[in-house]
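Q: What follows is a single structure, and I will ask about it in a moment.
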Amino acid sequence: QVQLVESGGGLVQPGGSLRLSCAASGFIFSNYAMAWYRQAPGKQRELVAIITGGGATNYAGSVKGRFTISRDNAKNTVYLQMSSLKPEDTAVYYCKANWRTRDYWGQGTQVTVSS
């Protein structure tokens, strides 16, 4: 049974930091590209960052230089380190696993940036 479980969300002040984690099980984690998406109220879900099985990364322009995606294949976990957070980063953050035509999604974790 495939599971993606996000954690680490919460309330943070502008300029603060958070680290999200996504623990995966039920598939060969190292084969899959892993990504973080986010969806703000009233907006479409958007790609935040992606990391391939080999470790290559790519970021949305709005988070480049502030967010870092990483993975630990031994722990079947992908991370999103978020720094210099802004109110516009407020959203539900989702983890996604992709290999060929297979996509798996987590349930999401809320990140709220507010003073």
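The values are calculated or read from the model by the stated rules, or taken from the named source; none is laboratory data. As the structure is a computational prediction, the values presented were derived from the model and not from experiment. Every residue, glycine among them, receives a Cβ derived from its backbone with ideal geometry; neighbour counts consider all protein chains shown. Just so you know, the surface numbers come from the protein's heavy atoms only, side chains and all, with ligands and any DNA or RNA stripped out. Shrake-Rupley method; radii C 1.70, N 1.55, O 1.52, S 1.80 Å.
Q: Name the one entry in LEU85, LEU4 that is touching a Pro at 6+ places or on another chain (Cβ under 7 Å) and crowded, with 17+ Cβ neighbours inside 10 Å.
A: Details: LEU4 fails: touching a Pro at 6+ places or on another chain (Cβ under 7 Å).
Testing whether each residue is touching a Pro at 6+ places or on another chain (Cβ under 7 Å) and crowded, with 17+ Cβ neighbours inside 10 Å leaves just LEU85.
Q: Suppose the filter is at pLDDT 95 or above, open to solvent by 60 Å² or more (accessible area, probe 1.4 Å) and farther than 20 Å from GLY10 by Cα; does GLY54 pass it? Steps first, answer last, please.
A: Details: at pLDDT 95 or above: no; open to solvent by 60 Å² or more (accessible area, probe 1.4 Å): yes; farther than 20 Å from GLY10 by Cα: yes.
No: the conditions fail for GLY54.
Q: Checking the condition small (Gly, Ala, Ser), over 10 Å from the mean Cα position of the chain (by Cα) and not in a loop (DSSP other than H, G, I, E, B), which residue from ALA97, ALA74, ALA49 passes?
A: Details: ALA74 fails: not in a loop (DSSP other than H, G, I, E, B); ALA49 fails: over 10 Å from the mean Cα position of the chain (by Cα).
Result: ALA97 is the single residue among ALA97, ALA74, ALA49 that is small (Gly, Ala, Ser), over 10 Å from the mean Cα position of the chain (by Cα) and not in a loop (DSSP other than H, G, I, E, B).
Q: Here is a further query. Across region 9-46, what is the total count of residues that are outside any strand (DSSP E or B) and not basic (Lys, Arg)?
A: The number of residues fulfilling the criteria is 17.
Q: So is GLY15 among the small types (Gly, Ala, Ser) and modelled with pLDDT under 95 or not?
A: no
Q: Name the residues in region 57-71 that are of a type outside the set (Val, Ile, Thr), assigned to a strand (DSSP E or B) and either under 18 Å from ALA97 (Cβ atoms) or open to solvent by 40 Å² or more (accessible area, probe 1.4 Å) (or both), would you?
A: Passing the criteria: ASN58, TYR59, SER70, ARG71.
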